[in-house]
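What follows is a short report on a single structure.
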Amino acid sequence: QVQLVESGGGLVQVGGSLTLSCAASGNIASINVMGWYRQAPGKQRELVASITSTSLRNYADSVKGRFTISRDNAKLTVTLRMTVLRPEDTAVYYCTLRQIGRVYWGQGTQVTVSS
């Protein structure tokens, strides 16, 4: 089994910054993809960013240039640095880990951007 624990959500003003962190534990394969999804009220869950175990990164167009994803393979953590936040970034953010054909999800952390 795999457990994912997120931290770092909260309330921030427009234009501000926030960093989300996620710690993975359990049976983690050496080859995996970690990432962040988000779901805003009334909307479908969407991919924000992902990073492979070899640090190949992928970003949603809406966050390119503003968000940065990184990981520490030794500590089994993934971080999402969010800058120039907009009201439309308001959502519950979920950490994910994909390996050996399965996807694991964290509980989610709320990010609210106020204007």
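The values are calculated or read from the model by the stated rules, or taken from the named source; none is laboratory data. All of these numbers come straight from a predicted model, not from anything done at the bench. Quick reminder, even Gly has a Cβ in these numbers, built from the backbone with ideal geometry, and neighbours come from all protein chains shown. Accessible surface areas use protein heavy atoms only, side chains included; no ligands, DNA or RNA. Shrake-Rupley method; radii C 1.70, N 1.55, O 1.52, S 1.80 Å.
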Has segment 40-48 got any residue that is within 17 Å of GLY106 (Cα to Cα) and of a type in the set (Asp, Glu)? yes
Which residue pairs have Cβ atoms under 8 Å apart, sit 6 or more places apart or on different chains, and have a first residue in segment 9-36 that is closer than 17 Å to GLU88 by Cβ and a second that is open to solvent by 50 Å² or more (accessible area, probe 1.4 Å) and part of a loop (DSSP other than H, G, I, E, B)? GLN13/SER115; VAL14/ARG86; VAL14/SER115; GLY15/VAL84; SER17/VAL84
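Can you name every residue in segment 17-39 that is more than 10 Å from the chain's Cα centre (by Cα) and surrounded by 15 or more Cβ atoms within 10 Å (Cβ to Cβ)?
Just the residues of segment 17-39 that are more than 10 Å from the chain's Cα centre (by Cα), to begin with: 17-18, 23-33, 39.
Scanning segment 17-39 gives LEU18, ALA23, ALA24, ILE28, ASN32, VAL33.
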Tell me which of these VAL5 doesn't satisfy, since it passes every other one: (1) of a type in the set (A, V, I, L, M, F, W, C); (2) more than 16 Å from VAL103 (Cβ to Cβ); (3) crowded, with 18+ Cβ neighbours inside 10 Å. (3)
For segment 44-63, which positions are open to solvent by 60 Å² or more (accessible area, probe 1.4 Å), part of a loop (DSSP other than H, G, I, E, B) and free of Cβ contacts under 8 Å to residues at least 40 places away in the same chain? GLN44, THR54, LEU56
(1) surrounded by 15 or more Cβ atoms within 10 Å (Cβ to Cβ); (2) out of contact with any Phe, Trp or Tyr (no Cβ under 6 Å at 6 or more places or on another chain); (3) at positive phi all hold for GLY101 apart from (1)
For segment 58-77, give me each residue that is of a type in the set (Gly, Ala, Ser) and out of contact with any strand residue (DSSP E or B) (no Cβ under 6 Å at 6 or more places or on another chain). SER62, GLY65, ALA74
